[in-house]
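> Attaching a single structure in structure tokens format; questions to follow.
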Amino acid sequence: MNFQGQHLLSARTLSKEAIERILEVAKEMEPYAQKEEASDLLKGKVLATLFFEPSTRTRFSFETAMLRLGGSVISNYTMNESSSIKKRESLYDTGKTVSQFADVIAMRHPVEGAVKELAEGSEVPVLNGGDGGANHPTQGLLDIYTIHKKFGHFGGLTYGLVGDMKNSRVAHSQCRLIKNFGPAEARPKFICVAPQGLELPEDLKKELTDSGCEIRETTDLEEVIGGFDVLSNTRIQEERFENAEAFEKYRGVYSITPKLLEGAKEEMIILDPLPRVDDQLKVAVDDDPRAKYFEQIGNGVAVRMALLALVLGKI
């Protein structure tokens, strides 16, 4: 696959071969991501980060990735309030405009399809940093990179997806990437743990089953945690609910605790895109050697370095 000049808007568009190439380049980027070596691979290139929704890890990760490769960053993390969007400029025109200044754009938006709309106007590659509850391909990639570093493969593993399966763009992206892997006799297995009303969307379940993946759905985390190779936790997505009352009935429905983990495999790993809210992931779990969520954050720099280098044609 030739990545140069290409947008990355959804995990759906990535083939097994494309994913493997991204992970391969991410591994090559590790010395730079871990501050062991310096690079000027992207010297003279400019990344624009356009964020219409709050972010800590994704925005800083993209910007760190660009800076560690010798490039520069222009950034707006309050696009709704401090850009010409406030004057009703279209996303298409914003993409056309910003691409006159930058060589690549990373964007986040609360509405599904908004990143695609901006990309249609952009004359440079656009990387989706999350749109609505639908897509977050770069997060999915750093998650499976973390899994691959532990197990060396994806097929035959059991993935426990816990939390808001309906609204989690992270869970959706993970599923769409992982389903590409494993021979027919060792396809990935997904155990989706979600409260009633927040189950995995039907169209995504069909994608997984059509790919030969096995899916089990349950509301009981304690019953199934012993079967997980990967526990991928995600918070209930408060911002996706119509009002506070609708959200409140789901608050604290699942909590990852040291007690709960007593029933899990010793070789299991725990992922979480964060932020940590309420009691959904106890701080005491941080000391468990299976907890990989802060390593996961660091892996995001290497993966996003790889993507920037690939779409800019430097690898």
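The values are calculated or read from the model by the stated rules, or taken from the named source; none is laboratory data. Everything numeric in this text was worked out from a predicted model, so none of it was measured. All Cβ positions, glycine included, derive from the backbone under ideal geometry; neighbour counts span all protein chains shown.
> Under the condition of being out of contact with any helix residue (DSSP H, G or I) (no Cβ under 8 Å at 6 or more places or on another chain) and of a type outside the set (Asp, Glu), which residue from segment 214-232 is surrounded by the most Cβ atoms within 10 Å (Cβ to Cβ)? Steps first, please.
Narrowing segment 214-232 to residues out of contact with any helix residue (DSSP H, G or I) (no Cβ under 8 Å at 6 or more places or on another chain): 214, 217, 219-220, 223-224, 226-228.
Checking which are of a type outside the set (Asp, Glu) leaves us with 219, 224, 226-228.
Working: Thr219: 14, Val224: 17, Gly226: 12, Gly227: 15, Phe228: 24.
Residue satisfying both the conditions and the ranking: Phe228.
> Here's something else I'd like to know. Restricting to segment 133-164, what's the tally of residues that are outside any strand (DSSP E or B) and modelled with pLDDT of 90 or more?
Looking only at that region, the number is 21.
> If a residue must be touching a His at 6+ places or on another chain (Cβ under 6 Å) and of a type in the set (Asp, Glu), how many such residues does segment 31-52 contain?
Qualifying residue count, segment 31-52: 0.
> Might you check whether a residue that is surrounded by fewer than 22 Cβ atoms within 10 Å (Cβ to Cβ), out of contact with any Ser or Thr (no Cβ under 6 Å at 6 or more places or on another chain) and of a type in the set (Lys, Arg) occurs anywhere in segment 31-40? Walk me through how you get there before you give the answer.
In the first step, residues of segment 31-40 are kept if they are surrounded by fewer than 22 Cβ atoms within 10 Å (Cβ to Cβ); the result is 31-32, 34-40.
Of the ones still in play, those that are also out of contact with any Ser or Thr (no Cβ under 6 Å at 6 or more places or on another chain) are 31, 34-40.
Those left that are additionally of a type in the set (Lys, Arg): 35.
Within segment 31-40 (the criterion being surrounded by fewer than 22 Cβ atoms within 10 Å (Cβ to Cβ), out of contact with any Ser or Thr (no Cβ under 6 Å at 6 or more places or on another chain) and of a type in the set (Lys, Arg)), the answer is yes, since at least one residue qualifies.
> While we're here: Can you give me the ranges of the strands (runs of 3 or more DSSP E) entirely in segment 41-131 with at least 1 residues that are surrounded by fewer than 19 Cβ atoms within 10 Å (Cβ to Cβ) and of a type outside the set (A, V, I, L, M)?
72-76
> Please count how many residues of segment 143-168 are buried (at least 24 other Cβ atoms within 10 Å of the Cβ) and under 19 Å from Phe60 (Cβ atoms).
Looking only at that region, the number is 1.
> For residues that are closer than 18 Å to Ser255 by Cβ and without any contact (Cβ under 8 Å) to a residue 40 or more places away in the chain, scanning just segment 169-195, find the one that is surrounded by the fewest Cβ atoms within 10 Å (Cβ to Cβ).
Ile191
> Can you name the residue in segment 196-214 that is more than 25 Å from Lys249 (Cβ to Cβ) and not charged (D, E, K, R) and, of all such residues, is nearest to the chain's Cα centre (by Cα)?
Leu208
> Give me the pairs, please: first residue somewhere in segment 1-25 and without any contact (Cβ under 8 Å) to a residue 12 or more places away in the chain, second residue anywhere and assigned to a loop (DSSP other than H, G, I, E, B), beta-carbon distance under 7 Å, and either six or more positions apart or on two chains.
So the pair list comes out empty.
> Could you check segment 270-293 and list, in sequence order, the residues that are surrounded by 12 or more Cβ atoms within 10 Å (Cβ to Cβ), hydrophobic (A, V, I, L, M, F, W, C) and either at negative phi or not assigned by TED's automatic domain parsing to the domain that holds Tyr250 (or both)?
Ile270, Leu271, Val277, Leu281, Ala284, Val285, Ala291
> Could you list all residues from segment 58-114 that are touching a residue at least 60 places away in the same chain (Cβ under 8 Å) and either over 21 Å from Arg169 (Cα atoms) or among the charged types (D, E, K, R) (or both)?
Arg59, Thr64, Ala65, Met66, Arg68, Leu69, Gly71, Asp103, Val104
> When you go through (1) in contact with a helix residue (DSSP H, G or I) (Cβ under 6 Å, 6 or more places away or on another chain); (2) among the hydrophobic types (A, V, I, L, M, F, W, C); (3) more than 16 Å from Leu307 (Cβ to Cβ) one by one for Val25, which number turns out not to apply?
Going through the list (1) in contact with a helix residue (DSSP H, G or I) (Cβ under 6 Å, 6 or more places away or on another chain); (2) among the hydrophobic types (A, V, I, L, M, F, W, C); (3) more than 16 Å from Leu307 (Cβ to Cβ), Val25 breaks only (3).
Residue by residue, here is whether (1) farther than 30 Å from Phe3 by Cα; (2) touching a Pro at 6+ places or on another chain (Cβ under 7 Å); (3) at pLDDT 95 or above; (4) not in a helix (DSSP H, G or I) holds:
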{"position": "Pro273", "(1), (2), (3), (4)": "no, no, no, yes"}
{"position": "Pro289", "(1), (2), (3), (4)": "yes, no, yes, yes"}
{"position": "Val303", "(1), (2), (3), (4)": "no, no, yes, no"}
{"position": "Ala306", "(1), (2), (3), (4)": "no, no, yes, no"}
